[in-house]
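Quick notes on the structure that follows.
The values are calculated or read from the model by the stated rules, or taken from the named source; none is laboratory data. In this text, all values refer to a predicted model and were calculated from it rather than measured experimentally. As a convention, Cβ positions derive from the backbone with ideal geometry for all residues, glycine included, and neighbour counts pool all protein chains shown.
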Amino acid sequence: MNQLKQLFTRYKMLALVIAIAVIWLFFSWETDGGFLTPRNLSNLLRQMSITGILACGMVLVIISGEIDLSVGSLLGLLGGVAAILDVVYHLPLPLNLCIVAGCGLLIGLANGCMTAYLRIPSFIVGLGGMLAFRGILLGITGGTTIAPVSPELVYIGQGYLPPLVGVVLGVLLFALTLFLTWRQRSNRALHGLAAHSLVRDVVRVAAIGAVLAGFVYTLNSYDGIPVPVLLLLVLLGVFSYITSQTVFGRRIYSVGSNMEATRLSGINVQAVKLWIFGIMGVMCALAGLVNTARLAAGSPSAGNMGELDAIAACFIGGTSMRGGSGTVYGALLGALVITSLDNGMSMLDVDSYWQMIVKGSILVLAVWVDVSTRAGRR
Amino acid sequence: MSDYLLQMNGIVKSFGGVKALNGIDIKVRAGECVGLCGENGAGKSTLMKVLSAVYPHGTWEGEIVWDGQPLKAQSISETEAAGIVIIHQELTLVPDLSVAENIFMGHELTLPGGRMNYPAMIHRAEALMRELKVPDMNVALPVSQYGGGYQQLVEIAKALNKQARLLILDEPSSALTRSEIEVLLDIIRDLKAKGVACVYISHKLDEVAAVCDTISVIRDGKHIATTAMADMDIPSIITQMVGREMSNLYPTEPHTVGEVIFEARNVTCYDVDNPKRKRVDDISFVLKRGEILGIAGLVGAGRTELVSALFGAYPGRYTGEVWLDGKPIDTRTPLKSIRAGLCMVPEDRKRQGIIPDLGVGQNITLAVLDTFAHLTRIDAEAELGSIDKEIARMHLKTASPFLPITSLSGGNQQKAVLAKMLLTQPRVLILDEPTRGVDVGAKYEIYKLMGALAASGVSIIMVSSELAEVLGVSDRVLVIGEGQLRGDFINEGLTQEQVLAAALSQSGDTAHNKNNNDRPGAVGDARQ
């Protein structure tokens, strides 16, 4: 038991993967295999992409020691703007994308400015934004659904990549894994650090290869890799790079871990926070676009409670509540847990009140497991 | 046989496979004060946690005999009920509650219905304060109205109110001024006379020598020796602590003091909460190339406020100018100061120094991370190379640069914070209490490093509450009292008495020794 606990402490993500497997097996058994069909898995991932995109931004916000409650409403607002620009003004898609992303960036920066420079607690800024953005959305849509959006926009949310592209993508990703593993080994050797055992690396590469192959094969045996899932994969790569390889990323952790010490080290902590919120705004824009495209309409209730799903995904994925630690892939695994529960319970026709109870309980349970396995921490 | 109030026999406490305590014996008689000495990480705090049942009975080996009976406490409340009270290094008062409420925290006197019996509590609190010789304290005011020294006394009053028979004081004087320490030591002597036993843990060996009857030294979790203070002196305690002769506490690195390069002009800081009150009142001074300038003064005199204003880190409003190389420089934020060549190692390592979630190496490179970046990406190899170099230069003891910084001892954490600042290649380095909570060995290395930096032409401003340290390493000493400059001394034959006299002097005059006319541009003097 103790050994098991130690194992999970070290490989926290392993516990999360096992949890996902258990959830999937349970639903698969309850639905006589319906849950694990390529069609449903493809749906599941598409569904997950919106929470996932938000979680990518939210994990940065939470690592830096802040919170943003306005993302659900902002998603709805920006998705609504995209729908209006498309349906009413017939703007070409690229221009539409740029305008919506630009609006997201500006609103995010405004949130960041209020938090970092005006010193309004981010919880309050988010709470205010949550109401205000929803209000603006209701105002500009007049409370009605904006439809039908153009096929180009719909493609972002409902399109699929041709199977061949999917295969090529899988092969490229596998090659990247091989390259990174090889470089890590040679780097460690260069610095006289003990290299990981060859067996460990081979198993790791093989496991990643198997997951990639399964992923591409499953999706291709339905309609191919959905466009929003591709977008999410790209974001996973970009955000993992930002958090682990860049100066900005290191500063996010440092600000969240000890803001005062970071400031005294000559780092402009306010600018770091400002840009984190700016990025969060762009993520809301992307999520809003995907959401509008997926529904093929701009809805005044779009993104309702989206912030809670994104925040829950981060915490289930092991992000620390007091800031300073967390990972992007953890947050995405968290998003997968949340979406799997949503999807599975909907398939089982569970009453929506039960769905809320179960999701709430899982969030609390996951954080309890996280807290109790956090060795030697306050 | 047992005239001992407390006997701890053969205490062994392991964490994982590591023995933090390996067979420690401590005995305390009623009315006796035992000084517990050892370097940081020697196991003093662990031992006290065993005694006060932070680690409950059964999680360690050995036995504790209390008043002739074996003590098998499971929690702090049990040991407190027995009369063992620990006062931690970090105060555990609630700042917004009143002095009386803090004293009765958890033991409130109540009226029927659970209402607080304020008159009785205030009456008892006032009696306790009279006993502690601070009769003028208003126990109905919030604790935050009082300074560190008074807060420490409130902690002691709280302990006395619990009928403590054994008082454990863990570094009680680290935030106290000289005069407050004297009051504290007097109180401990009074308590001894009343039969209360004390365990006194401190790095300040002169206090230990002044108040303790017996000295127990532990090193690396082992009991080294227990000796009557009458048979010991401070050098012999140090020898036992470090396990080797420490001939000179303050190594002198030969360095030459050059011309004036840095100047602070008319620095005035206003209190954060009360903007009319001046914490620093119009202080100007100069600093020469390669000079170590010690800033002495009582706690609360405005030393930290002064240097954090110079660095742009003072939280309240302040005015003044900072000049470097004959030009005014912009030091309104730490970032601008560092760019201009001025940097500061802050006073409170835990709150202002380390980033707890980052590794040792990542802490070291934090301030200069940009220099390792190629198009946003950190060059991990270059970073690691630089980290290795700093670790070697600072003699920083860590198994790997990837370990969490919180796993290091205080001295090594301080070296990491120092390394972080040195990587910015400062011309002027401000060190605020650089050796607070640092063990003797690391202190020695920090002094040596300061000497080497001065020899390479870096000018150092060191704020310290330890007068011996100020006199031991400085070329020149500024004395601050009540926010004003009270003395500016060349450190030649300067005595602690002179410095204290200046700090306590009432007038606004600035005392000088010799013919020290340090005006801006004055010719520098050479020292070796």
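What the table shows:
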read-out: Scope the stretch B:363-380; condition within 7 Å of another protein chain (Cβ to nearest Cβ) and either touching a His at 6+ places or on another chain (Cβ under 8 Å) or in contact (Cβ under 8 Å) with a residue 24 or more places away in the chain (or both); matching residues; value: B:366, B:367
read-out: Filter result for the condition that a residue is closer than 30 Å to residue A:253 by Cβ, in the same structural domain as residue B:512 (by TED's automatic domain parsing) and touching a strand residue (DSSP E or B) at 6+ places or on another chain (Cβ under 6 Å), over B:301, B:296, B:313, B:309; value: B:309
read-out: Failed item in (1) crowded, with 24+ Cβ neighbours inside 10 Å; (2) in a helix (DSSP H, G or I), with residue A:66 passing the rest; value: (2)
read-out: Any hit, the stretch B:287-297, residues being in contact with a Lys or Arg (Cβ under 7 Å, 6 or more places away or on another chain) and in a helix (DSSP H, G or I); value: no
read-out: Answer from B:347, B:390, B:381 - the residue that is at pLDDT below 95, in a loop (DSSP other than H, G, I, E, B) and not assigned by TED's automatic domain parsing to the domain that holds residue B:254; value: B:347
read-out: Strands (runs of 3 or more DSSP E) within the stretch B:16-84 that include 1 or more residues farther than 20 Å from residue B:237 by Cα and not assigned by TED's automatic domain parsing to the domain that holds residue B:443; value: B:18-29, B:61-66
read-out: In the stretch A:250-265, the residues that are at the interface with chain B (Cβ under 10 Å from one of its Cβ atoms) and either crowded, with 24+ Cβ neighbours inside 10 Å or closer than 11 Å to residue B:358 by Cβ (or both); value: A:250, A:251, A:253, A:254, A:255, A:256, A:257, A:258, A:261, A:262, A:264, A:265
read-out: Subset of the stretch B:350-360 that is touching a residue at least 40 places away in the same chain (Cβ under 8 Å) and in a helix (DSSP H, G or I) - its residue that is nearest to the other protein chains (Cβ to nearest Cβ); value: B:353
read-out: Residue selected from the stretch B:25-54 under the condition under 17 Å from residue B:214 (Cα atoms) and in contact with a helix residue (DSSP H, G or I) (Cβ under 6 Å, 6 or more places away or on another chain), by the criterion modelled with the lowest pLDDT; value: B:38
read-out: Any hit, the stretch B:442-452, residues being among the acidic types (Asp, Glu) and under 22 Å from residue B:283 (Cβ atoms); value: no
read-out: Residue list for the stretch B:227-241, restricted to those being buried (at least 16 other Cβ atoms within 10 Å of the Cβ) and touching a residue at least 24 places away in the same chain (Cβ under 8 Å); value: B:229, B:237, B:238, B:240, B:241
read-out: Unmet requirement for residue B:448, which otherwise passes all of (1) touching a residue at least 60 places away in the same chain (Cβ under 8 Å); (2) buried (at least 20 other Cβ atoms within 10 Å of the Cβ); (3) closer than 25 Å to residue B:261 by Cα; (4) charged (D, E, K, R); value: (2)
read-out: Scan of the stretch B:384-413 for residues that are away from chain A (no Cβ under 13 Å), of a type in the set (S, T, N, Q) and in contact (Cβ under 8 Å) with a residue 60 or more places away in the chain, ordered by number; value: B:409
read-out: Total residues in the stretch A:224-272, condition of a type outside the set (Gly, Ala, Ser) and over 23 Å from the mean Cα position of the chain (by Cα); value: 10
read-out: Count - residues of the stretch A:307-348 that are at negative phi and within 14 Å of another protein chain (Cβ to nearest Cβ); value: 6
